[in-house]
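Peer 1: Pasting in a structure now, in structure tokens, and then I'll have a few things to ask.
The values are calculated or read from the model by the stated rules, or taken from the named source; none is laboratory data. What you are looking at is a predicted structure, and each value in this text was computed from that prediction instead of being measured. Cβ atoms come from the backbone with ideal geometry, glycine included; neighbour counts cover every protein chain shown. Accessible surface areas use protein heavy atoms only, side chains included; no ligands, DNA or RNA. Shrake-Rupley method; radii C 1.70, N 1.55, O 1.52, S 1.80 Å.
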4 protein chains.
Amino acid sequence: MLDAAFEEFAAHGYAGAKMTAVAQRAGVAKGLVYHYYPSKEALFRAVMQACLEPVFAEAEREATDEDVPATVMLERLLDLAYAEREGQERQCILFRLIVAEGQRFPELSAWYEEAVFRRAVAIARAVLRHGARRGEFDAALAEQEGMAEVLLAPAIMNEVWRMMLGEGRAPSRAGMHAAQAALLARALAPGGMDARGGGRDAGGKEGNAACPATRRATSAP
Amino acid sequence: MLDAAFEEFAAHGYAGAKMTAVAQRAGVAKGLVYHYYPSKEALFRAVMQACLEPVFAEAEREATDEDVPATVMLERLLDLAYAEREGQERQCILFRLIVAEGQRFPELSAWYEEAVFRRAVAIARAVLRHGARRGEFDAALAEQEGMAEVLLAPAIMNEVWRMMLGEGRAPSRAGMHAAQAALLARALAPGGMDARGGGRDAGGKEGNAACPATRRATSAP
Amino acid sequence: MLDAAFEEFAAHGYAGAKMTAVAQRAGVAKGLVYHYYPSKEALFRAVMQACLEPVFAEAEREATDEDVPATVMLERLLDLAYAEREGQERQCILFRLIVAEGQRFPELSAWYEEAVFRRAVAIARAVLRHGARRGEFDAALAEQEGMAEVLLAPAIMNEVWRMMLGEGRAPSRAGMHAAQAALLARALAPGGMDARGGGRDAGGKEGNAACPATRRATSAP
Amino acid sequence: MLDAAFEEFAAHGYAGAKMTAVAQRAGVAKGLVYHYYPSKEALFRAVMQACLEPVFAEAEREATDEDVPATVMLERLLDLAYAEREGQERQCILFRLIVAEGQRFPELSAWYEEAVFRRAVAIARAVLRHGARRGEFDAALAEQEGMAEVLLAPAIMNEVWRMMLGEGRAPSRAGMHAAQAALLARALAPGGMDARGGGRDAGGKEGNAACPATRRATSAP
DNA sequence: CATGAATGAGTCTTCATTCAT
DNA sequence: GATGAATGAAGACTCATTCAT
């Protein structure tokens, strides 16, 4: 029934959704919906709750595996962020609902901050710090305020554009993935020029290696 | 009256907006709204039309001034993208409406693509190419597919987060601005190591110089 | 302008007619209609008034021309009644409006009685009396109460059916005209007492027996 | 509820009827009306449907009873046609609604033709043919085209006038009934050639002379 | 005379919510 | 638990009418 409700809210937004339609989608009578959820608003909250719960969970340990080189962790992070994940569409819809109804349901925004934004930033920051400590990344740059957000933004924005423009007209995942990988490889490579050449090569490698993205669940938006 | 309608739609979304409320905001009678716009949908389209018309216009010539060094053009572009512009709130609201109602009003998405997305990407691409031609940027990297989008995404995402999380909890403009400026400076600087040191310094400068952003109108999202 | 109003009322009835549409049909502004007629109701009355005025006028002298044989007068009367007259469509529409709006505008019914019904009956009655006096018609039958109405009904009903069923499916004017002419010729012809007596008695019986009508369902209209 | 709707439509016509009033008459809430009928138009159609269904049914076998003399059958037919029947008022109102709304609801006219007009004409024609075959009626006259319609018209018109003018001012049922009965008795009686021949010739002449109708204005309805 | 912008009461219609079964 | 008939407040939309120009 929550699935049915999610679809209805996704299709028409909160105000446009009809309880009758929810019941029909679920194949039950209107009254039964009210048997479980006292009101439309309660149903909406429950739907959001149910959608938001199972996200993340994993993906956090990725960043805490100290043995992996930072360049590999970064690679993995980008793979995850740009991956075409199962259930991604639902997450995009969720993102849209939060954007659309965030004003009326402040808890949505609060939840987004806690469950998505903070965690994602924390992960990105951990990867950057890891690289800085191991000397793989230029420390000053990698630990600069705002760098984690800059790191995450392109992949998220890619999904937003995909949602807004449709699959066909949005920028390709692979293109942005490769471009960002190359950009980061050159920028984060530490200091001196000799490292440069290597850094650049590595960057090229990463850029190429990035495309066959591993399919594991994270939260892009 | 379109202003009143915009506010109402912004506050409640399409389905949640009330024609009566629009009339009240505009200080006129309900009937008069219908005198000018035959239906709620027509009003919504007119509002969007009116909001979308005056955007852009300028900002396009920025990227076509061949005499300016590419690093300066890039600096200016970031300044614009991260600037706290007048009318920005309206544009964010617009963005939110397009995200929320894009399904029901495909023209909105279409307009966004043409009037915002394509233009913004074109400008970013022009700056990158300019730098590549002048030898200021690493040509292969600067002209890589998807780089323009990667360049634009952080500033836009910054606004999206600001919209979703509120002024207080969103990442600061200045922080992301500086981080991205530094990142780009290191990444785009062409080849050799000697340039490196200078490039880094320049990057640092740019990062600092970026914060006192010039206040001119563009369209971040 | 009255023409325009007539068309509008004819097309949509009183409640369904719109003042704006009247103005448009007339090619003037809404306000001008109100300049001449203070309200929709007043306009409707004026339209009816204007439509009802020019009817009749002639046709009354027909029946008072004493020199013409009654059979000829009757023939002329039927010719007139069944004739496909110019302006007949308007009269049918008028009839329909009176049927439809007679409840809300009692004056319409009143006018119909005075200006149409009574005059028509008077004319028919005059023709019948004329024939009775000249010995062309069987006096008892021709002057019987209700005979004038029976005489008029078929031609009127023919128009009503035409209006209800459309030109194609309604009974033909010529057919009913000929049938009624033949019927009246045989019935009204005087004399033939042997057959007469029986026929008359039977008729009288039938007439009397008719009143205690059996109560079973049929379809009057 | 259909009853309530019928009353409302009867009282104010289609456009003038209010759904609220229908609900009030039925003693239910407005919403319940919409629970059963999706729109005003659907309700109207349902009302008409329900009204039109139970009409007729019987009355058809009347004309197929071969053992009864045609004069008796004719007598019964007139009795039925002029009878003050229960539910007659509803039928008159129905007739009025069909006249008034027939343009907007073509199905009404179609139904009237099939369910009322054709059947009634068929019955009248059967009676006339029955009389012709048994030698009770003059065959040529009784089977003449249009005779059935001429036979039915006065009784129907009597109801129409009653509806338009009110009970008090309309011609009496009994009067028209008796007059028509007498008329038919004399006209349909077979034979009587002396008087007959002249009368018939005159009739034939009139019938033929009728067609080239003079075009002058009168008022049929 | 003529216009049409402006008004707002009134209608149709929707839909969240209740409740007897 | 499960149903769906019933409710009525609320919202989109209409249109007769007014009035400044």
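Peer 1: Could you list, in sequence order, the residues of segment D:152-173 that are touching a residue at least 60 places away in the same chain (Cβ under 8 Å) and more than 21 Å from D:ALA10 (Cβ to Cβ)?
Peer 2: D:LEU152, D:ALA155, D:ARG173
Peer 1: Between A:ALA139, A:ALA81, which is modelled with pLDDT of 90 or more and within 12 Å of the chain's Cα centre (by Cα)?
Peer 2: That would be A:ALA81, the only listed residue that is modelled with pLDDT of 90 or more and within 12 Å of the chain's Cα centre (by Cα).
Peer 1: Still on this structure, I have one more. Restricting to segment D:25-35, give me the number of residues that are in a helix (DSSP H, G or I) and within 11 Å of DNA strand E (Cβ to nearest atom).
Peer 2: Of the residues in that region, 6 qualify.
Peer 1: If you don't mind, there's one more thing I want to ask. Can you report the number of residues in segment C:25-41 which are more than 8 Å from DNA strand F (Cβ to nearest atom) and closer than 14 Å to C:PHE9 by Cβ?
Peer 2: Residues that pass the stated criteria total 3.
Peer 1: Could you pull out the residue among C:GLU7, C:GLU66, C:GLU58, C:GLU62 that is at pLDDT below 90 and more than 10 Å from chain D (Cβ to nearest Cβ)?
Peer 2: After ruling out the rest, the residue left standing is C:GLU66.
Yes/no per residue for (1) among the β-branched types (Val, Ile, Thr); (2) crowded, with 17+ Cβ neighbours inside 10 Å; (3) over 19 Å from A:VAL99 (Cβ atoms); (4) more than 8 Å from every other protein chain (Cβ to nearest Cβ):
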site	(1), (2), (3), (4)
B:ALA115	no, no, yes, yes
B:ARG125	no, yes, yes, yes
B:GLY131	no, yes, yes, yes
B:GLU145	no, no, yes, no
B:ILE156	yes, yes, no, no
B:ARG173	no, yes, yes, yes
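Peer 1: Looking at segment D:106-113, is at least one residue at the interface with chain C (Cβ under 8 Å from one of its Cβ atoms) and more than 30 Å from C:ALA182 (Cα to Cα)?
Peer 2: yes
Peer 1: Given the conditions (1) at the interface with chain C (Cβ under 10 Å from one of its Cβ atoms); (2) in contact (Cβ under 8 Å) with a residue 40 or more places away in the chain; (3) open to solvent by 20 Å² or more (accessible area, probe 1.4 Å), which single one is not true for D:GLY135?
Peer 2: If we test D:GLY135 against (1) at the interface with chain C (Cβ under 10 Å from one of its Cβ atoms); (2) in contact (Cβ under 8 Å) with a residue 40 or more places away in the chain; (3) open to solvent by 20 Å² or more (accessible area, probe 1.4 Å), just (1) comes out false.
Peer 1: On to the next question. Do you know which of the residues in segment C:78-99 that are facing another protein chain (nearest Cβ under 7 Å) and hydrophobic (A, V, I, L, M, F, W, C) is nearest to C:ARG173 (Cα to Cα)?
Peer 2: Looking at the filtered set, the residue picked out is C:ALA83.
Peer 1: Assess whether D:GLU75 counts as being among the charged types (D, E, K, R), modelled with pLDDT of 90 or more, open to solvent by less than 30 Å² (accessible area, probe 1.4 Å) and part of a helix (DSSP H, G or I).
Peer 2: Here the answer is no, as D:GLU75 does not meet what is asked.
Peer 1: On to the next question. Those residues that are in contact with a Lys or Arg (Cβ under 8 Å, 6 or more places away or on another chain), open to solvent by 50 Å² or more (accessible area, probe 1.4 Å) and closer than 20 Å to A:ILE93 by Cβ, I need them from segment A:4-52; list them, please.
Peer 2: Passing the criteria: A:GLU7, A:HIS12.
Peer 1: Could you check how many residues of segment D:99-113 are buried (at least 21 other Cβ atoms within 10 Å of the Cβ) and under 13 Å from the mean Cα position of the chain (by Cα)?
Peer 2: 2
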